[in-house]
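The values are calculated or read from the model by the stated rules, or taken from the named source; none is laboratory data. All of these numbers come straight from a predicted model, not from anything done at the bench. All Cβ positions, glycine included, derive from the backbone under ideal geometry; neighbour counts span all protein chains shown.
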2 protein chains.
Amino acid sequence: MFNFKIIQEYGNARLGVVKTRHGKFKTPVFIPVATLACVRALDKRDLDEMGAEVILANTYHLFLRPGDELIKKLGGLHKFMNYDKPIVTDSGGFQAFSLGFGMEHGVGKIANNIFLEGLKEIPIRKGEKWASVDDEGVTFKNHISGEIVRLTPRKSMEIQSNLGSDIIFALDECTSPLSDKDYTARALERTHRWAEECLKHYNKKQALFGVVQGGEFKDLRIKSAKFMAEKDFAGFGIGGSLGKSKQDMLNIIEWVVPLLPDEKPRHLLGIGAVEDLFNCVERGIDMFDCVAPARWARRGHLYVSPTEGGNVKNKFRIHIQNAKFKEDGNPIDRECDCYVCQNYSRAYLRHLYVSNELTYFRLASYHNVYFILRLMDRIREAIKENRFYELKKEWLGYV
Amino acid sequence: MFNFKIIQEYGNARLGVVKTRHGKFKTPVFIPVATLACVRALDKRDLDEMGAEVILANTYHLFLRPGDELIKKLGGLHKFMNYDKPIVTDSGGFQAFSLGFGMEHGVGKIANNIFLEGLKEIPIRKGEKWASVDDEGVTFKNHISGEIVRLTPRKSMEIQSNLGSDIIFALDECTSPLSDKDYTARALERTHRWAEECLKHYNKKQALFGVVQGGEFKDLRIKSAKFMAEKDFAGFGIGGSLGKSKQDMLNIIEWVVPLLPDEKPRHLLGIGAVEDLFNCVERGIDMFDCVAPARWARRGHLYVSPTEGGNVKNKFRIHIQNAKFKEDGNPIDRECDCYVCQNYSRAYLRHLYVSNELTYFRLASYHNVYFILRLMDRIREAIKENRFYELKKEWLGYV
């Protein structure tokens with residue numbers, strides 16, 4: 001059971017509701033990432049309290065640990081993690097990039113040659129890669145056991161069926177921003193063949209999204225969008241390399257969105273910075289997911305709104321370790337009504353951060369995820385009240 | 001403002017209520033430890049929800065970081081950590097032992113030559129010590145900055161006054177179980193002199209407890225109990241080396257308790273295992289504090305009641321990493337009504353634990369602290385209903 005209803009439009013931006021077997025969520029939506037069936041440092045009560053309506057879990061990571069078959073045996077992902085709202089799972093394609101070319105090229109989320117395994121840091125040797133793609137699928141080196149594991153389109157569908165998520169993605173090949181056009185074109189052919197295979201083999205109780213790829217190349221993106229648009233997908237992801245700059249990303253969205261059917265939702269995979277949310281909602285994106293709020297929180301970067309000095313340049317973040325917060329009895333953000341801002345001061349959070357206290361991670365993650373969810377609420381309200389550009393101006397300083 | 005009222009007695013065990021400036025708590029009580037103004041991995045809402053009525057923070061640790069003067073400037077410890085219930089602070093004497101002879105002798109809580117600084121592990125070189133005691137006080141090497149810092153009885157009172165805790169402790173010298181009688185006797189003389197100095201200099205708005213020392217030596221313990229009993233303390237700690245076995249500890253309590261005035265509360269410092277709670281309440285102890293529940297939780301050891309197989313031999317703990325919990329859809333303890341047991345399975349917690357997920361630490365700590373608090377509730381109920389020994393038999397298997 002899947003349904004997307006557009007309630008209101010404002011330029012290319014739209015307000016909608018997605019209905020799934022596990023209830024509905026409003027769009028545009030920011031989806032917190034629960035990589036291993038858990039939004040890092042938070043739990044489901046936190047998520048409910050902050051008004052999260054949907055989360056995204058990672059197929060590849062859950063496939064390795066604890067294993068999709070175990071999760072199925074225990075009643076599926078919803079039951080396993082005791083989360084009764086909609087769950088999205090990705091396809092594993094991003095990890096094929098991240099642990100493959102991403103690692104080899106030193107781009108993407110694997111920073112400073114360190115792979116973060118929970119709280120452990122696994123160093124990555126230069127030139128090492130843990131994934132490689134061929135025409136039939138992806139071969140991974142399991143970073144936990146060292147074993148070789150194989151992910152194919154059919155296998156991705158099988159894993160996601162075992163997980164029992166509400167929205168699933170077709171296996172795709174994410175290319176690196178350093179991949180040339182030839183490679184990207186070949187990767188795109190594979191992604192298209194894999195999409196067809198996923199359409200054949202997916203569990204029809206789930207809603208399957210196809211992923212538009214093609215890197216930063218206009219003709220490839222257009223080709224991919226047209227290809228996907230014709231297929232019987234419930235919605236679409238826009239994934240892969242989104243170019244080398246924010247402008248590249250916006251161009252890609254502008255090429256792709258008009259070619260996708262209006263009545264189906266569009267998910268921009270892995271994106272979630274404040275500036276991006278405004279610019280991409282404006283261009284017709286309905287769904288976002290990103291680990292950034294929780295990840296930045298863990299590293300001491302906490303979101304603040306424009307009234308607290310947040311702007312595009314500082315990325316709407318303060319770094320809590322800054323000595324100027326030592327005696328600061330104010331909350332992170334005086335405008336924020338989250339549990340953390342209602343109860344704790346910057347001075348206290350700074351103390352917990354510099355002391356490596358575990359509680360810091362939860363409180364900081366709570367604030368950052370809440371902040372982005374609440375910003376999305378405000379973006380939706382602004383669309384509803386035809387004042388999206390006022391809100392954008394207020395936050396970004398430009399329209 | 002401080003008051004202790006005994007409501008009911010059962011042998012040497014007693015039910016009471018302690019009243020402080022920040023409200024009251026029922027005794028016998030287990031006091032969770034908030035070393036750095038934070039019960040590790042938890043926050044004040046968790047503590048309130050689980051029914052904690054009082055917490056204990058560490059003077060020495062807060063003196064180093066964030067500093068008692070900063071805390072005073074920010075309105076005191078209650079305001080700093082936004083906790084409005086009673087707070088106890090220790091004197092710093094335990095750290096003088098733990099970082100001094102404890103480190104040198106390889107005994108106490110510094111296990112495997114590693115000092116845990118939040119999530120960081122600081123290795124300790126063989127024979128190294130970070131604290132040494134003389135007649136006037138303790139000289140510490142600040143493990144954060146490397147600076148030399150000095151703690152005297154007067155300074156301990158000053159720090160605790162700055163913190164603004166409700167119950168404070170006189171500076172004492174905790175001896176090592178490896179200290180001989182001569183050393184222990186000399187340390188005791190110091191502790192007694194320091195107690196008198198603390199009585200002179202403490203902030204009279206706070207309730208000062210004196211600490212009975214004397215190691216495992218009967219005559220020294222008796223001498224110390226008699227000395228302390230005569231002084232104008234609001235209550236008493238029993239601290240230091242409690243001998244080399246559980247029986248030694250019980251002997252010490254049996255020597256000391258009868259010499260202390262009935263109408264004042266007795267706090268057994270740093271103790272909190274399930275078996276100990278029964279045996280020490282039975283011998284007249286009113287207050288306990290211990291980091292154990294949260295610390296064991298972080299290491300994967302979760303408390304279970306006798307109905308789940310918990311007993312003296314397994315210390316009422318399971319280790320969640322055990323493969324047998326992989327597919328176990330039951331909560332940690334089916335009898336436990338804590339938030340974690342009501343919402344999550346052993347299989348899910350095991351998955352979070354082996355994945356090093358931050359959320360694990362909170363959920364596990366929540367359960368363990370809740371478990372001990374709830375056990376103390378049951379011990380109080382049993383005293384009230386004259387069935388303490390029935391409950392003890394049910395849990396320990398002996399009376």
| query | In the set B:A225, B:A229, which member is closer than 16 Å to B:D172 by Cα, among the aliphatic types (A, V, I, L, M) and buried (at least 20 other Cβ atoms within 10 Å of the Cβ)? | reply | B:A225
| message | If I filter segment A:13-32 for residues that are within 12 Å of chain B (Cβ to nearest Cβ), buried (at least 23 other Cβ atoms within 10 Å of the Cβ), in contact with a Leu (Cβ under 6 Å, 6 or more places away or on another chain) and modelled with pLDDT of 95 or more, do I get at least one hit? | response | no
| said: Condition first: acidic (D, E) and surrounded by 16 or more Cβ atoms within 10 Å (Cβ to Cβ). Now tell me which residues in segment B:138-159 satisfy that. | reply: B:E158
| Failed criterion for A:H201 (all others in (1) surrounded by fewer than 19 Cβ atoms within 10 Å (Cβ to Cβ); (2) modelled with pLDDT under 95 hold) | (2)
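Of the residues B:D48, B:D84, B:D68, only one is under 20 Å from B:A170 (Cβ atoms) and outside the structural domain of B:H367 (by TED's automatic domain parsing); which?
Exactly one of B:D48, B:D84, B:D68 is under 20 Å from B:A170 (Cβ atoms) and outside the structural domain of B:H367 (by TED's automatic domain parsing), namely B:D68.
Hey, can you tell me all the residues within segment A:356-367 that are in contact with an Asp or Glu (Cβ under 8 Å, 6 or more places away or on another chain) and either of a type in the set (K, R) or within 7 Å of chain B (Cβ to nearest Cβ) (or both)?
Keep residues of segment A:356-367 that are in contact with an Asp or Glu (Cβ under 8 Å, 6 or more places away or on another chain), which gives A:356, A:359, A:362-363, A:366-367.
If the condition is that a residue be in contact with an Asp or Glu (Cβ under 8 Å, 6 or more places away or on another chain) and either of a type in the set (K, R) or within 7 Å of chain B (Cβ to nearest Cβ) (or both), then A:N356, A:T359, A:R362, A:L363 are the ones that fit.
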| note | All conditions in (1) under 29 Å from B:Q95 (Cα atoms); (2) not assigned by TED's automatic domain parsing to the domain that holds B:V212 are true of B:K244 except (2)
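Restricted to segment A:338-355, and to residues that are in contact (Cβ under 8 Å) with a residue 40 or more places away in the chain and more than 8 Å from chain B (Cβ to nearest Cβ), which residue is nearest to A:V39 (Cα to Cα)?
Taking segment A:338-355 as the starting set, the residues that turn out to be in contact (Cβ under 8 Å) with a residue 40 or more places away in the chain are A:338-339, A:349, A:353.
Among the residues that remain, those that are also more than 8 Å from chain B (Cβ to nearest Cβ) are: A:338, A:349, A:353.
Values: A:C338: 17, A:L349: 20, A:Y353: 19 Å.
This residue is A:C338.
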| Are there any helices (runs of 4 or more DSSP H) wholly within segment B:206-314 with 3 or more residues that are in contact (Cβ under 8 Å) with a residue 60 or more places away in the chain, and if so which? | B:274-282, B:292-298
| task | Of the numbered conditions (1) without any contact (Cβ under 8 Å) to a residue 12 or more places away in the chain; (2) in contact with an Asp or Glu (Cβ under 7 Å, 6 or more places away or on another chain), B:L163 fails exactly one; give the number of that condition. | result | (1)
| query | Taking A:G329 and the conditions (1) assigned to a helix (DSSP H, G or I); (2) surrounded by fewer than 18 Cβ atoms within 10 Å (Cβ to Cβ), which numbered condition does it fall short on, given that it satisfies the others? | reply | (1)
| task | Assess whether A:T175 counts as being modelled with pLDDT under 95 and either within 23 Å of the chain's Cα centre (by Cα) or within 16 Å of A:V211 (Cβ to Cβ) (or both). | result | yes
| helices (runs of 4 or more DSSP H) enclosed by segment A:44-103 - at least 2 residues per element that are more than 14 Å from chain B (Cβ to nearest Cβ) and either on the phi < 0 side of the Ramachandran plot or surrounded by 20 or more Cβ atoms within 10 Å (Cβ to Cβ) (or both) | A:93-98
| query | Checking A:K155 against (1) touching a residue at least 60 places away in the same chain (Cβ under 8 Å); (2) closer than 23 Å to A:G76 by Cβ, which test does it fail? | reply | (1)
| note | For segment A:322-355, the count of residues that are over 17 Å from B:L62 (Cα atoms) and under 27 Å from the mean Cα position of the chain (by Cα) equals 9
| remark: Those residues of segment A:281-323 that are farther than 21 Å from A:F361 by Cα, surrounded by fewer than 21 Cβ atoms within 10 Å (Cβ to Cβ) and among the hydrophobic types (A, V, I, L, M, F, W, C) come to a total of 1
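Within the bounds of segment A:118-126, is there any residue that is under 23 Å from A:E173 (Cβ atoms), surrounded by 11 or more Cβ atoms within 10 Å (Cβ to Cβ) and at pLDDT 90 or above?
Of the residues in segment A:118-126, the ones under 23 Å from A:E173 (Cβ atoms) are A:124.
With surrounded by 11 or more Cβ atoms within 10 Å (Cβ to Cβ) added as a condition, the list becomes A:124.
Now drop any that are not at pLDDT 90 or above, which leaves none.
No, there is no match, as no residue in segment A:118-126 is under 23 Å from A:E173 (Cβ atoms), surrounded by 11 or more Cβ atoms within 10 Å (Cβ to Cβ) and at pLDDT 90 or above.
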